[in-house]
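Heads up: the structure comes next, in structure tokens.
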Amino acid sequence: MRKVTRLGVMGGTFDPLHHGHLVTAEEALWQFHLDEVVFVPTGQPWMKADREVSPAEHRYLMTVIATASNPHFSVSRIEVDREGPTYAVDTLRELRQQRAGDVELFFITGADAMLEILQWKDPEEVLEQAHFIAATRPGYDIARFEKEAPTSHPRVSVMDIPALAISSSDIRRRVRDGEPIRYLVPEGVNTYIRKFHLYRGGG
Ligand code: NAP
């Protein structure tokens, strides 16, 4: 019998990657019986004109450092290396092509990002290419998500992740204000942020 690989695709800006993201990926691995989760840091996030995003190479390297010890996790440069705006539909197509043989894709991301899925490029194809797992923070207005997002679609699931009380924007603010981030991010990510003086300025 042919083996179908169940591949989690963890999409995010990861600016920086924190323990909430790692718990999300591990929980998806377990809940959806995935074989592997590949983290895909975004290239140029086209919907983020309102704030400066750290260079993709920094975000990619922090993701590699944070996931290195987990044999089920890997990191893809697919979006970092692709020129132009980042579209999930291109990533899903490319990952499917890269993996010869049968693969079932599970796109894991934050519920807020998922709310906008109908504005993404080729939303119908996106929803066909993968099962979608929307991760929510504690206190998240799930009623809004159920009203606005295509949760009635059989390929969208919601996963509540208490560890997502940690957020990248709060980590950036804490660094800027001189507050500690130890234990919010993996130690290697903390060291990387200090070494390259990330998040010191605005953003
Ligand atoms: P975002 O707006 O930066 O994040 C929205 C919320 O989701 C934030 O609270 C964020 O928390 C959380 N989040 C983001 N990624 C997560 C993850 N993997 N697991 C758990 N929580 C997560 O979203 P984004 O990073 O720009 O986009 C998320 C994904 O959607 C990316 O893969 C992106 O390429 C895709 N996307 C595609 C299109 C398109 O194809 N046109 C458009 C928009 C987004 P933190 O800040 O703490 O991470």
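Coordinate-derived values only; no laboratory data. Here the structure is a predicted model, which is why all the values come from computation and not from measurement. Every residue, glycine as well, gets a Cβ built from its backbone with ideal geometry; the counts of neighbours run over all protein chains shown.
General observations
- Only listed residue being in contact (Cβ under 8 Å) with a residue 60 or more places away in the chain and surrounded by 13 or more Cβ atoms within 10 Å (Cβ to Cβ), chosen from Ile181, Ile108: Ile108
- Selected residue (criterion: surrounded by the most Cβ atoms within 10 Å (Cβ to Cβ)) from residues of region 22-40 that are farther than 17 Å from Ala88 by Cβ and within 12 Å of the chain's Cα centre (by Cα): Leu22
- Considering region 1-98, the qualifying helices (runs of 4 or more DSSP H), each wholly inside and each with 1 or more residues that are of a type in the set (A, V, I, L, M, F, W, C), out of contact with any helix residue (DSSP H, G or I) (no Cβ under 8 Å at 6 or more places or on another chain) and farther than 19 Å from Thr191 by Cβ, run over 19-31.
- The listed residue being closer than 22 Å to Thr24 by Cβ and in contact with a Ser or Thr (Cβ under 6 Å, 6 or more places away or on another chain), out of Ala88, Ala111, Ala130: Ala111
- Near pairs, Cβ below 9 angstrom, 6+ apart or cross-chain, from region 81-98 (surrounded by 17 or more Cβ atoms within 10 Å (Cβ to Cβ)) to any residue that is part of a loop (DSSP other than H, G, I, E, B) and of a type in the set (A, V, I, L, M, F, W, C): Thr86/Trp46; Tyr87/Trp46; Tyr87/Trp120; Ala88/Trp120; Val89/Trp120
- Reported count of residues in region 74-94, each being more than 11 Å from the ligand (Cβ to nearest atom) and among the aliphatic types (A, V, I, L, M), is 2.
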